[in-house]
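The values are calculated or read from the model by the stated rules, or taken from the named source; none is laboratory data. All values derive from a computational prediction rather than experimental measurement. Note that each Cβ is placed from the backbone with ideal geometry, even for glycine, and that neighbours are counted across all protein chains shown. Note: accessible area is taken over every heavy atom of the protein model, side chains too, but ligands, DNA and RNA are not part of it. Shrake-Rupley method; radii C 1.70, N 1.55, O 1.52, S 1.80 Å.
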Amino acid sequence: MPEMLYREAIRQALIEEMERDPSVVVMGEEVAEYEGTFRVTEGLLKQFGEQRVVDTPISEEAFTGMAVGAAMAGLRPVVEYMTINFSLPAFDQIINHAAKMYYMSGGQFSVPMVLRGPQGPGVQLSAQHSQSMETFFVHVPGLKVVAPGTGADAKGLLKSAIRDNNPVIYLEQAALYNTKFEVPGGEHLVPIGVADVKRPGRDVTIITYSHMLAVSLHAAEQLAREGIEAEVVDLRTLVPMDMQTVAESVTRTHRVVVATEDARTGSFAAEIMARVYEELFDELDAPVERVTGEDVPIPYSRPLEQLAVPNEQSVVAAVKRTLWREGSAPLGIGGSNGRADDAENGRRDGGRYGSPLAQERR
C-alpha cells in the first residue's frame, strides 16, 4: 500500500471526487493561486480551473453563505478555512442556515457541503489558531462531524463527506499534516458514523480520535511493555457517534479512558463519558477516566504549549488510575467490599438497571 502525507491523502480525495462529480467545487481563502495555507489544494487550480477552484475574499461569513446557497442550488461545495478557528465569524451561516435548512424547508432543500480545515494545538500557532472546536459543532443538530486520525481515514471520510447530502464538518489536525500513513489507492470510502478498533486489548478501552489516536497508540505500546493490554477505539466520526463499537469494546475490558485534546470544561470527552455511564454503567469495573487539554488559551511558547495539551504520559497515567496501579486502592476496593467483585456480580445478576445491551452480552 502506498505511503503519503496526511495532507496528500486529503488532496487525493478532493481530486478523485472532483474528477468523479463535476458538481464538486472547492472554495476558500488562497485555495487557488496560493494552493492553500498548508498546500492541501496544491495543483487543483491547474487541473480543474477557476470555475471549480475559487479564491474568495477574506470574509468567512460571505463565502460560507455563498457555499450554502450553492449547495441548495445543486453544487457540492468543499469550503476550506485557513484554520477552523476562522469559522467563528460564519457561525450564523453554519448553525442557522446550513444545519437547519433541510428541516426548515420541510425537506425541499438539502445542503450537501463540507466545511474543512485544521484545528488543535501542537504546531505553535498560538491561542487564536490552536483551539479544538469540535464541541461547538457537535452541539448543533443537523451537522455531521468527523475527525480522522490517519491518512487512510482522512481520504475515506472526506470522500464520504463530499457524497453525503448533509453539511459535514471535517476537522483536520495541523500536527498531522506532515505525518506519513499508508493510504489505499483508488476508490476508498470510510462510512460516516462507524468507529474502528485500531488496537485490540483486554484490560482497558481507550476511546479517542484525531491526533490523540497517535498519542494513545504510543501510550498503548508503552503499557504493553508493562503487561497492560489497552484496546484503542478510534471514533473517527463524532456525530453520529458509533456507540455499538464502543459498547462491544467496553464489554470486553470493563474499564475506560477517554482521550481528547480539547479544553477540559465542556469537552467532547465529557459527552463520551456521559454516554458510557448512561448506556454501559453495569459493564464498568472502575470509574471512567478522561485525558484532555488544560482550561487555558493555547500558548505560543513551545514549552508552555506542551504543558497545556495531553501527551503519551497523560494517557498512561489515566490507564493506571483506572486499573488502580498507582498508590493505594480507593476505599472499598481490594478488601471485603471489593468494587470489581461488586461490578461483576451486578453484570451476572442483571445489573443495576438491567441494561438490555449488557444482558444480551452475558
Task: So Lys100, is it of a type outside the set (Phe, Trp, Tyr), open to solvent by 40 Å² or more (accessible area, probe 1.4 Å) and closer than 23 Å to Val239 by Cβ - done: yes
Open item on the list: Within the stretch 144-180, take every residue that is of a type in the set (A, V, I, L, M, F, W, C) and surrounded by fewer than 22 Cβ atoms within 10 Å (Cβ to Cβ) and give me the one that is farthest from Ser210 (Cα to Cα).
Closed with: Ala152
TODO: Being closer than 22 Å to Ser160 by Cα and aromatic (Phe, Trp, Tyr) is the filter here, so list the residues in the stretch 1-37 that pass it.
DONE: Tyr6
TODO: Tell me which of these Tyr300 doesn't satisfy, since it passes every other one: (1) at pLDDT 95 or above; (2) open to solvent by 40 Å² or more (accessible area, probe 1.4 Å); (3) part of a loop (DSSP other than H, G, I, E, B).
DONE: (1)
Task: Candidates Arg264, Arg255, filtered to the one that is modelled with pLDDT of 95 or more, of a type in the set (D, E, K, R), surrounded by fewer than 22 Cβ atoms within 10 Å (Cβ to Cβ) and touching an Asp or Glu at 6+ places or on another chain (Cβ under 7 Å) - done: Arg264
Task: Selection from the stretch 127-159 of residues that are in contact (Cβ under 8 Å) with a residue 40 or more places away in the chain and assigned to a loop (DSSP other than H, G, I, E, B) - done: Ser130, Gln131, Ser132, Met133, Val140, Pro141, Gly142, Leu143, Ala147, Pro148, Gly149, Thr150
Open item on the list: Of the residues Gly227, Gly201, only one is of a type outside the set (Ser, Thr, Tyr) and at positive phi; which?
Closed with: Gly227
Open item on the list: So Arg290 passes all but one of these: (1) touching a helix residue (DSSP H, G or I) at 6+ places or on another chain (Cβ under 7 Å); (2) outside any strand (DSSP E or B); (3) open to solvent by 30 Å² or more (accessible area, probe 1.4 Å). Which condition number does it fail?
Closed with: (2)
